[in-house]
Amino acid sequence: MELRVEHTTLRFATPLSTSYGELAARDLFTVELDGGGVVGRGEAAPLEAYDGVPAAAVAEALAFYAELLREFTPDVPGHLLLDACRKAAELPEALAAIDLALWDRAGKRAGRPVAALLREDHLDVIDVNATIGALDRAGAARAAGRAAAEGFGCVKLKVGTGDDAGRVAAVRAALGPGVALRLDANGAWDVETAVRMIDALAPAGLELVEEPVHGVQAVREVRARVATRVSIDETADEPGALTASVADAVCLKIGRCGGIGGLLSQAALVRTTGADVYLASTMDGPLGIAAAVHAAAALRVDIACGLATLGHFADLDEAPELRVVDGAIRVPAGPGLLGPDR
Ligand SMILES: [Mg+2]
């Protein structure tokens, strides 16, 4: 089998401010798995500033996989191909590209969307949130007003960046009472600050606070002391975090889970604890977003997912299958991840 890898750089329309620093662009690896018949496509979207995974490490792992996959014929079952790649280099962000390509190929072979391969009664539409990165009150309020006008039912505001109280108040005023407001601190607070900030911001009406602090123990302490729902994102990567029962919800990502298969396994573990699951992208490309939409549809996720992120890129070809309408993305109905010709 031939694995073709294309490395591109996607620029953000405006530099992305995170508590990790400012990002102007991201690396994206698009792969084609070609066995002479149906071609499956996938992508790896490491974001070193966020997940600590350098693009060079992904490029190296994908080169290993390409060499190894050359030894296999197209009739070898997908899970064996994935196992072989995992043995060669266990890097979830790179394995995700292979996993996605295999699911895309399976869907194209069956003539069905990936969500339908995963679950018969999958959702048809996934609610998604808008994300506000503006660091000033006026900018945040403008973005919130736009999101509400576009029909988003949930807006996520990055906090831990400075004027949190002023921005939360401005955003709530711009949203009105009917739109859910989620905060994401990306672990910027310590326990005492998190408790103080969440108590101070809660009167604005918060759906949940994502990653207020880093680490299972710290999240456990915060959650015991605040009435607001708390979720984990980065901390989900800590060993044992998925079953630690420290949060009301867990945010899962295609790249970090090593693809759709890994994400479904992790979601099942989280749900054994009674916690909710939702999905988000790490500023993924179209194939990563499509994979997350199919997985969320199969998991019947009913919390807004952080998948409305393709609009942050300046020079991306439009992906009409993934257009956000009224705060939701419809599950692509064509075969595979995005349809027969994608
Ligand atoms: Mg987050």
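The values are calculated or read from the model by the stated rules, or taken from the named source; none is laboratory data. If you're wondering where the values come from, they're calculated on a predicted model, not measured in any experiment. Here Cβ is always computed from backbone atoms with ideal geometry, including for glycine, and neighbour counts include all displayed protein chains.
Quick grid of which residues meet (1) under 24 Å from Arg220 (Cβ atoms); (2) in a strand (DSSP E or B); (3) assigned by TED's automatic domain parsing to the domain that holds Val222; (4) among the β-branched types (Val, Ile, Thr):
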| residue | (1), (2), (3), (4) |
| --- | --- |
| Gly162 | no, no, yes, no |
| Ala170 | no, no, yes, no |
| Gly178 | no, no, yes, no |
| Arg182 | yes, yes, yes, no |
| Glu192 | yes, no, yes, no |
task: From Glu43, Glu32, Glu22, Glu90, grab the single residue that is among the acidic types (Asp, Glu) and over 19 Å from Gly259 (Cα atoms).
output: Glu22
Residues satisfying the stated conditions in the stretch 231-248, i.e. over 12 Å from the mean Cα position of the chain (by Cα) and closer than 20 Å to Tyr50 by Cα: Ser231, Ile232, Thr235, Ala236, Asp237, Glu238, Pro239, Ala241, Leu242
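Quick one: would you say Ala224 is in contact (Cβ under 8 Å) with a residue 60 or more places away in the chain and more than 16 Å from the ligand (Cβ to nearest atom)? Steps first, please.
Values: in contact (Cβ under 8 Å) with a residue 60 or more places away in the chain: no; more than 16 Å from the ligand (Cβ to nearest atom): yes.
Taking the combined requirement at face value, the residue does not satisfy it.
In the stretch 249-295, what residues are assigned to a loop (DSSP other than H, G, I, E, B) and either of a type outside the set (A, V, I, L, M, F, W, C) or in the same structural domain as Glu93 (by TED's automatic domain parsing) (or both)?
From the stretch 249-295, those assigned to a loop (DSSP other than H, G, I, E, B) are 253, 258-259, 273-275, 281-285; that's our starting set.
Across the stretch 249-295, the qualifying residues are Lys253, Gly258, Gly259, Thr273, Gly274, Ser281, Thr282, Asp284, Gly285.
Take the stretch 249-275 and flag every residue that is charged (D, E, K, R) and away from the ligand (no atom under 15 Å from the Cβ). Working first, answer last.
Step one: filter the stretch 249-275 for residues charged (D, E, K, R), giving 253, 256, 271.
Passing the criteria: only Arg271.
Yes or no, residue by residue, for (1) more than 29 Å from His294 (Cβ to Cβ); (2) buried (at least 17 other Cβ atoms within 10 Å of the Cβ); (3) within 16 Å of the ligand (Cβ to nearest atom):
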| site | (1), (2), (3) |
| --- | --- |
| Arg119 | no, no, no |
| Asp127 | no, yes, no |
| Gly133 | no, yes, yes |
| Asp136 | yes, no, no |
| Gly151 | no, no, no |
| Ala165 | yes, no, no |
| Pro177 | yes, no, no |
| Leu181 | no, yes, yes |
query: Within the stretch 108-129, which residues are outside any helix (DSSP H, G or I) and of a type in the set (Val, Ile, Thr)?
result: Val125, Ile126, Val128
message: Any residue in the stretch 227-248 that is under 19 Å from Val195 (Cα atoms) and polar (S, T, N, Q) sitting within a Cβ distance under 7 Å of a residue that is within 10 Å of the ligand (Cβ to nearest atom) and part of a loop (DSSP other than H, G, I, E, B)? List the pairs, counting only those 6 or more apart or interchain.
response: Thr235/Glu211
